[in-house]
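J.: Okay, here's the structure, questions in a sec.
The values are calculated or read from the model by the stated rules, or taken from the named source; none is laboratory data. Owing to the predicted nature of the structure, the values given are computational and were not obtained by experimental measurement. All Cβ positions, even for glycine, are placed from backbone atoms using ideal geometry, and neighbour counts span all protein chains on display. When the accessible area is computed, the model is the full protein with side chains, heavy atoms only, and any ligands, DNA or RNA have been set aside. Shrake-Rupley method; radii C 1.70, N 1.55, O 1.52, S 1.80 Å.
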Amino acid sequence: MKSNLTVLTRCVVSQKRTVIFFLSLMLVLPAHASNDAGHEQPAKSALSKKTRIKKITDLRVLVDISGSMKKTDPDNLRRPAIRLLAGLIPQGSRAGIWNFGKQVNMAVKVGSVNDAWRELARQQSKKINSAGLFTNIEGAMRNVSFDWKTPDPRYKRNLIILTDGHVDISKDEKLNKASRKRILKELLPRLEKAQVRIHTIALSDDVDESLLSTLSAYTDGLYKKVKNANELQKLFLQMLEQSVNLDTIPLKDNRFNVDASINDMTLLVFNNDKAHPTTIVMPAKRTWSEKTHTEQVKWFSDDGFDLITIKKPQQGQWKIMAPTDENNRVVVATNLKLKLNELPGYLMLGDILKINTYLEEDEKPLTDQRLLSKFKFLLKRNTEGSAAREYPLEKSKEDEYSYVVQLAPIFKEGNHELVIQAKSPTVQREVRHQIKVYATPAEIKVSEDHGKYQIKVTPYANLLRPSSIKIHVILNDKSKHELMRHNNSWTVDVDKQFHETMFTLNVDATRADGKAISMSFNKVLSEKEASHKLKLYVEKETPHKKELMDKKEKNAHPKKKESAHKKEETIKEEVKKESKINWTLIITSIVIGNVLLIGSFVGGYIFIKRRKEKLAKALSGEMDNDNISEEEVKEEKPKE
């Protein structure tokens, strides 16, 4: 009996060794094929982990159609602005459009963006008017966010709100105030928790700027105020670029290069010159216009702009025959994309900004050093009232494929446009991002009342979270006094003996973006300055700080070592189970599976190798022969 058990055990062990061999072969072959296909594995980093989850854009748009729009947008320029937005939202994104006055109407149902969705959006845009009786911002926000209750890692959520007024749901002002309060106390916290970025457009001076800017600041969105509806088209472009990292290629003097990895492209061309319509010149020297083009082209001409979509565009240099405009774009569908880390929508004076970028091929970081060596990564910063500045990006120390730059503390308030580019001789990519920089977090007012001075500080709700604010003053006798909150202001009374003396005001709070901030201001106790802004001051000599990338410690939990010897009873149980298995069937299946695996990985290897070679050829200048020289391009006039 003991001899039979020994023989049976040896047989099972022999069978187990055979199975282990084939299982090892299954594991080794895919790993080996994968390594060959990619040449080298991406470095493990926080950035590479983030890129594994591809988020789908989920964009909702709210358009005010209240009666006041008759004055602020008499020509209904909201219509072409919506059509421009619809034409540029990337294919496969999720989007929906609502109009609101007293009632809230879903103009375009939330769905996957395709040609049918875009056509419906164009048709529905014709219904935008100014017939609404009220401005029900609360109702509109509730309707548009019907399924935004909790965070969803599958989606990148953005909401664009265009309005020209205040919360206005009734002739009873108490009801309007209650509605506004619900937006700030109920809706905003929920949307913030659901990771929604709210971008707001104020289309008049008579608008609740505090409400709109607070919605944007708390959710790290973009707030813009314009006085003229003519700016709406370009403003909607900025909002879209803030919501979606549009894959674009740089334009210079209306010229751009198309490389082998571009599947199709959409040209946005601003042109108000009706006497000279837009035309485009191909690398093959042919000229296309709205009236004369091939079936691979879809040409949509609207008030002030053209949207031209071209399937499988020819490689080489193209030229747009129209007035140059800094807002012209070439949006591309490509397997080679330029990716960025999450950037804020607003900063405060003195903040430091770090930008991390990398190229992505087929939804994976491009790690081939031979290809990356041909690229230069560059940041351009355009600031209101200042000349543009350029900063080179350096290779990151954390991995082998990303490039970083850290800007010194920002000294200038206002709107900043960041243009991040990756350029090789023939392949170019570009991404844009808008940032608003604030210099003043609060206002201070010193007044005299009944022989005492009152110091009153009113923080800006869109920059500092009121519930977190703590303010105190230190007088010249070193005594410390805390300011008490009254509605939206903080006050303290100071004896008149401190008249014309210096005091220090200290403010500790949490910013709208969740960051802690501590500020100190030296002021003179006097009514002469009356009410003025507490402007942040930053030493320009502040040295360039080192990289501030947060490095989270790896929580390594070593696996417990498995026992080297199992109990005899367990072994016998396994032997009994294994003796019943049809080993011939299993081994045959494994052999066939390995043959199929080897075939699929060889095919995958060939596919990836050919794609790499195609991209490498593009980078090595294969397209140079297709370039159009200045002399070869003729400014053709459109045919009558």
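J.: Note the full-extension length gain between R370 and K412 as 0.36 nm times their separation in residues minus their Cα-Cα distance, in nm to one decimal.
T.: 11.2 nm
J.: From the cross-link list K224/K312; K174/K452; K312/K364, which pairs have alpha carbons spaced over 30 Å apart?
T.: On the way: K224/K312 36 Å; K174/K452 35 Å; K312/K364 23 Å.
Flagged as over cut-off: K224/K312; K174/K452.
J.: Related question: Sticking to Cα atoms, compute the Rg of region 63-178 to one decimal and its Dmax as the biggest Cα-Cα distance, whole number, in Å.
T.: Cα only, region 63-178: 14.9, 45 Å (Rg, Dmax).
J.: Quick one: plug the Kirkwood hydrodynamic radius of region 433-518 (C-alpha pairs) into Stokes-Einstein at 10 °C, 1.306 mPa s, and report D in µm²/s.
T.: The calculation lands on 114 µm²/s.
J.: Sticking with this one: Please calculate the 1.4 Å probe accessible area of M282, with all protein chains present, and give it to the nearest 10 Å².
T.: 20
J.: Within 12 Å, Cβ to Cβ, of I469, how many net charges do the neighbouring residues add up to if Lys/Arg are +1 and Asp/Glu are -1? Don't skip to the answer; put the middle values down first.
T.: Values: positive: R465, K470, R485, R511; negative: E482, D508.
That sum, taken over residues with Cβ under 12 Å, equals +2.
J.: With r as the distance between the Cβ atoms of R389 and S520 and R0 = 35 Å, compute the FRET efficiency 1/(1 + (r/R0)^6) and round to 0.05.
T.: Numbers: r = 30 Å, r/R0 = 0.85.
According to the calculation, E is roughly 0.75.
J.: Taking a 1.4 Å probe, which of K354, K395 shows the most accessible area, and what order do the others take after it?
T.: Of K354, K395, the descending order of accessible area is K395, K354.
J.: Please work out how much accessible surface R485 shows to a 1.4 Å probe, ignoring ligands, DNA and RNA, in Å² rounded to 10.
T.: Only protein atoms counted, so the area is about 110 Å².
J.: Using 0.36 nm times the number of residues separating D253 and K126, minus their current alpha carbon distance, what extension gain do you get?
T.: Stretched out fully, the D253 to K126 stretch lengthens by 42.3 nm.
J.: List the relative contact order of region 439-532 as a percent without decimals, with contacts defined as Cα pairs under 8 Å and 6+ residues apart.
T.: 31 percent.
J.: A further question on this structure: With N denoting the number of residues in region 224-348, provide Rg(C-alpha) divided by 2.2 N^0.38 Å, to two decimal places. Working shown, then result.
T.: Details: Rg = 15.5 Å, N = 125, 2.2 N^0.38 = 13.8 Å.
Cα-based Rg divided by the globular estimate yields 1.12.
J.: Given labels modelled 7 Å from the Cα in the Cβ direction, how far is it in nm from R182 to K225?
T.: 2.7
J.: To continue, here is another question. Considering only protein heavy atoms, with the full assembly of protein chains and a 1.4 angstrom probe, order W299, W318 by accessible area, largest first.
T.: W299, W318
J.: Please go through the residue pairs K149/K535; K70/K156; K319/K397; K252/K298; K127/K234; K227/K535 and name each one whose alpha carbons sit more than 30 Å apart in this structure.
T.: K149/K535; K70/K156; K319/K397
J.: Could you grab the relative contact order for region 283-362? Cα pairs under 8 Å, six or more apart, rounded to a whole percent.
T.: On the way: 52 pairs, mean separation 17.5, N = 80.
Across region 283-362, relative contact order equals 22 percent.
J.: Checking the table K185/K515; K193/K445; K380/K515; K436/K533 against a 23 Å threshold on Cα-Cα, which pairs fail?
T.: On the way: K185/K515 20 Å; K193/K445 35 Å; K380/K515 26 Å; K436/K533 18 Å.
The pairs that break the limit, which is 23 Å between Cα atoms, are K193/K445; K380/K515.
J.: Please give the per residue volume of the convex hull enclosing the alpha carbon atoms of region 163-236, rounded to a whole number of Å³.
T.: Cα convex hull per residue, to the nearest whole number: 87 Å³.
J.: Wrap a convex hull around the Cα atoms of region 369-520, take a quarter of its surface area, and give that in square nanometres.
T.: With every direction weighted equally, the projected area is 13.2 nm².
J.: A further question follows. So how do H532, H481 rank on accessible area, 1.4 Å probe, biggest first, that is with the largest at the start?
T.: Highest to lowest solvent-accessible surface, that is H481, H532.
J.: If I take the Cα coordinates of region 270-331 and project them onto the principal axes, what are the three extents in Å, biggest first?
T.: 28, 23, 20
J.: Once Rh for region 320-365 is found with the Kirkwood sum over Cα pairs, what is the Stokes-Einstein diffusion coefficient at 20 °C and 1.002 mPa s, in µm²/s?
T.: D, rounded to a whole number, is 152 µm²/s.
J.: How much of K185 can a 1.4 Å solvent probe reach, expressed as accessible area in Å² and rounded to 10?
T.: In the full protein context, K185 sits at about 140 Å².
J.: Find the Rg to Rh ratio for region 397-445, where Rh is the Kirkwood radius over alpha-carbon pairs and Rg uses the same atoms.
T.: Looking at region 397-445, the ratio lands at 1.16.
J.: Once you list every other residue whose beta carbon is under 12 Å from the beta carbon of R182, what net charge do they have if Lys and Arg are +1 and Asp and Glu are -1?
T.: +4
J.: Let me ask something additional. Give, as a single signed number, the net charge of other residues whose beta carbon lies under 15 Å from the beta carbon of T72, with Lys and Arg counted +1 and Asp and Glu -1.
T.: Computed value for this residue: -3.
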